[in-house]
Structure formats: structure tokens, C-alpha cells
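**Student:** Take a look at this one; I'll ask things after.
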Amino acid sequence: MELRTASYSSISARSPLKCRPGSLSTLRMQVDKSKAVPGSGKSSAAYKTALRDTAIAVSLASAFGVGIWNFLGADKALEYFTGYLLEESLSVDNLFVFLLLFEYFKVPQYQQKKVLSYGIWGAVVMRAAFISAGLVAIQQFRGVLLVFAGLLMYSSFKMLSGGEEEEENADVSENSIVKFASKLVQATPEYDGDKFFTIVDGVKKATPLFLVLLCVEFSDVMFAVDSIPAVFGVTEDPLIVLTSNIFAIMSLRALYQVLAQLAKDLKYLETAVGAVLGFVGLKLVGEYFGFELPEQASLSVVIGLLTAGVGASIYEKRQTFKLLDLDNDGFLTKEELEASGLDVEEVLSQVDMDMDGKISMKEFMDEYKA
């Protein structure tokens, strides 16, 4: 099967495991060039649908949290919302990996949804199994908390320090997960619609779509290495741990299309997530030695760090774009766009000019995706 070579790091800053796919920074660079998700600009129908689906998913998760508040009390609800927010932020890594896998295997757009659906349900089942095993381990031996804390703080250090040198032009085919899945399943050279299996010369064989699904599932196993310990740093209540994970995972399909558009706007999200992992790791150490941090404080720290990361990313982007306005009049002309080196046609395909042939800086910063 002839596969397209794309940038893909075999080392993640978020995990000590060498077989885990690339970090946010490397994957974000590849998203810039990816054709896996067609349509650019916030005006695209697919993007608007994804925003709507994301809003629905978040609303359902929030409604469940309100239900916990009513039936189990405020403390349990705060644990749930903290765990959900934490898992949602860690899930961003998964989505960038999906983008790269779809680009590498050249998965058609209409088939990506099927892989995401099956992959997400598989992730729910695997997370439930990992959570059950983790709870049993903690109940039998409290020292496991320190192991979890060590994993989280190691991942935090790797993310905050930038980890090992990553190669932008690494070959996806050399990634451990892709190589393992390819050896496990001998796929046919071509896709057969949206089928995972097909018949070739009377023999049932897997299609490349099934190979992609395996890579997605194996990737989630690697991501669970720090995702599961992270939520145990918030609570050990089985219901809260499981439901916060499930609702976070269930929103991945909608978030996939959104993040495909917003990837480059989140420059400092990885740093923020690294800080959150470090905080949760320290919290686990404190709990092992009998120090309990109020849930309100935990939720405030998580929200504060993630907000700071997103806010810093948006602020830097806006400051950079302001430099394009050479005469500081609040508008951009074609001449200013050309002087900046931007592709004028690409800009105009996303942002409309006014009657005077100018683009307002506000509209440019809100609408343009480089």
C-alpha cells in the first residue's frame, strides 16, 4: 500500500513511553499542512456543525454535573467538573494524533467519522477497564498514588522543558504504533468504501480503514498512561472518575473538527496542560501524606492554568497580527498583506474586504486562519 509520508514524532512530551505519538507542538505544525480536514475558515458549514455538536456535548456533560450537584452534593459536583475539564484538556493531544493518522493514511473525509465513532466507543471500554484496575490497585496499595504522581510529574517536566529534540520531518511509518499495527494486520492496498474488511480472491482481509482504527485505539492506550492517573489526582470515587472520562471522550468527535481549525491558535496550551499535570501530581503526593486540598481550590487552579494558556496564545496572536497594520489605522490593505508575505488570495477567501478595499483588524484577527 502506497502511503503518504508526513511529519510525525515518535516521542511525546506528555508521556515517558517512547511509542506514543507526537506532542502538541510537532503535531500542530503538521496540522498547518494537513489536507485531512477540508474547509477553511469559520464560515464553513462543517465548522459550524462541529461548533454546534461541541456545544451539545458540553451541555450534556454540564447537565450531568448539575445532576450530581443535586443528588450527591456540591463537593462531588466539583470533583466531576474538575475531572471533566482535566480530561478534556488532555484529550486535545488525541485529536492532533487523529489528524496526523488520517493525513498519513489518506482517509477520505466521509470515512473519518466512522473511525472516530468506533474509536471513541473503544476508548470508553478501555478507559473503564483501566479505571477499574486503577481503583483496585489504589485500594490494595496506597503507594500506587506515588507511582501515579511520578508519572504525572515526569510528563509535566517533559512538556514544560520541551522534551527531547523532535524532528519535524520524521516518517510516520517509523512510529512504533503504526509499525506494530501494520505488522499485526496485513491490510489491502485500497479502501473498500467504509468497510473495515473486504473479500479478496475469496479471502477476508482487513482494509486500510481497519488499520487506521487500530492505530487510533493503540494511541488511546498510550494516552491513558497519564490521563487515568490525572483524574485519580482529583477523586477516587468510581462514579466521578468514570463519568468524567466518558463525557470527555464522547465530545472528542465534535471537538475534532473544531480543533482542526483552531490548532494554530493554541500555542501555549501544551505548556498549560503540562503545568496542570504537575499540579495534579503534587496533589497526589499531598494526599498520600494526608494533606487534602479543597475541591474548590483544585478546580480554580485547573481553570486558571488552562485559561492562562489559552489567553496567552490568543494575546500573542493578536499582537503579531497588529504588526501587519503598518499605518496603525485599524485596517489592512492588499499592499499591507503583500508586504507581510501573506497569501492575499488565501486571506480574501476567508475574510471579506469592505467597500474601500480594506479589512478591519478585528475581523481579520477573528476570522483568519493562517
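**Student:** For Phe291 and Glu335 in the same chain, what is the full-extension length gain: residue separation times 0.36 nm, less their Cα-Cα distance, in nm?
**Tutor:** On the way: separation 44, 0.36 × 44 = 15.84 nm, distance 6.08 nm.
Residue separation times 0.36 nm, minus the Cα-Cα distance, leaves 9.8 nm.
**Student:** Among the listed pairs Lys114/Lys183; Lys114/Lys195; Lys113/Lys267; Lys158/Lys317, which are separated by more than 18 Å between their Cα atoms?
**Tutor:** Lys114/Lys183; Lys113/Lys267; Lys158/Lys317
**Student:** Now, a different point. Would you tally the net charge around Ala57, using a Cβ to Cβ cut-off of less than 12 Å, leaving Ala57 out, and scoring K and R as +1, D and E as -1?
**Tutor:** Details: positive: Arg52, Arg253; negative: Asp53, Glu88.
Spelling it out: positives minus negatives among the neighbours equals 0.
**Student:** How charged is the neighbourhood of Val241? Take every other residue with its Cβ under 12 Å from the Cβ of Val241, and add Lys/Arg as +1 and Asp/Glu as -1. Walk me through the numbers on the way to the answer.
**Tutor:** On the way: positive: Lys76, Arg127; negative: Glu79, Glu87, Glu236, Asp237.
Local charge sum for Val241: -2.
**Student:** Identify the GluC sites (Glu not before Pro) of the stretch 270-308 meeting these criteria: DSSP loop state and at most 13 other C-beta atoms within 10 Å of the C-beta.
**Tutor:** Numbers: sites: Glu270, Glu287, Glu292, Glu295; in loops: Glu292.
When the GluC sites (Glu not before Pro) of the stretch 270-308 are filtered for loop state and at most 13 Cβ neighbours within 10 Å, Glu292 remain.
**Student:** Next question, about the same structure. Using a 1.4 angstrom probe, figure out how much accessible area the stretch 43-259 has per residue, in square angstrom, rounded to the nearest whole.
**Tutor:** Numbers: 9460 Å² over 217 residues.
Accessible surface, normalised per residue, equals 44 Å².
**Student:** At a Förster radius of 22 Å, what calculated FRET efficiency corresponds to the Cβ-Cβ distance of Lys48 and Tyr118, to the nearest 0.05? Intermediate results must be reported in sequence, preceding the final value.
**Tutor:** On the way: r = 25 Å, r/R0 = 1.14.
Efficiency at R0 = 22 Å is approximately 0.30.
**Student:** Using 0.36 nm per residue, how much length does the chain from Leu60 to Leu146 gain when fully extended, once their Cα-Cα distance is taken away? Before the final figure, lay out each step's value.
**Tutor:** On the way: separation 86, 0.36 × 86 = 30.96 nm, distance 3.36 nm.
The span from Leu60 to Leu146 would gain 27.6 nm if fully extended.
**Student:** Separate question: With every protein chain left in place and a probe of 1.4 Å, what is the accessible surface of Leu282, to the nearest 10 Å²?
**Tutor:** Ignoring ligands and nucleic acids, Leu282 comes out at about 110 Å².
**Student:** Identify, among Ser227, Ile199, Ala55, the residue whose Cα sits farthest towards the positive end of the charge dipole of the stretch 43-259, taking +1 on the Cβ of Lys and Arg and -1 on the Cβ of Asp and Glu, with the dipole about the Cα centre.
**Tutor:** Final value for the positive-end residue is Ile199.
**Student:** Using 15 Å as the cut-off for backbone N distance, which residues of the stretch 204-239 belong to the label zone defined by a point 7 Å from the Cα of Gln139 along Cα→Cβ?
**Tutor:** Output list for this probe position: 236-239.
**Student:** At 1.4 Å probe size, put Arg318, Arg253 in order of accessible surface, largest to smallest. Before the final figure, lay out each step's value.
**Tutor:** Numbers: Arg318 80, Arg253 105 Å².
From most accessible down to least: Arg253, Arg318.
**Student:** Here's something else I'd like to know. If you rank Lys76, Lys205 by how much accessible surface each has, with a 1.4 Å probe, what is the order from largest down? Let's see the in-between values first.
**Tutor:** Numbers: Lys76 65, Lys205 85 Å².
Accessible-area ranking of Lys76, Lys205, largest first: Lys205, Lys76.
**Student:** Rounded to the nearest 0.05, what FRET efficiency is calculated for Glu316 and Ser161 with R0 set to 25 Å and r the Cβ-Cβ distance? Present the calculation step by step, with values, prior to reporting the outcome.
**Tutor:** Working: r = 20 Å, r/R0 = 0.81.
Efficiency at R0 = 25 Å is approximately 0.80.
**Student:** Between Asp194 and Tyr110, what length in nm is gained on full extension when 0.36 nm per residue of separation is reduced by their alpha carbon distance?
**Tutor:** Details: separation 84, 0.36 × 84 = 30.24 nm, distance 0.82 nm.
Extending this stretch completely gives an extra 29.4 nm.
**Student:** Could you pull out the chymotrypsin sites (Phe, Trp or Tyr not before Pro) across the stretch 51-154 that fall in loop regions by DSSP (anything but H, G, I, E, B) with no more than 14 other Cβ atoms inside 10 Å?
**Tutor:** On the way: sites: Phe64, Trp69, Phe71, Tyr80, Phe81, Tyr84, Phe96, Phe98, Phe102, Tyr104, Phe105, Tyr110, Tyr118, Trp121, Phe130, Phe141, Phe148, Tyr154; in loops: Phe105, Phe141.
Passing both the DSSP loop test and the Cβ count: Phe141.
The values are calculated or read from the model by the stated rules, or taken from the named source; none is laboratory data. None of the values given here were measured: they were computed from a predicted structure. All Cβ positions, glycine included, derive from the backbone under ideal geometry; neighbour counts span all protein chains shown. Just so you know, the surface numbers come from the protein's heavy atoms only, side chains and all, with ligands and any DNA or RNA stripped out. Shrake-Rupley method; radii C 1.70, N 1.55, O 1.52, S 1.80 Å.
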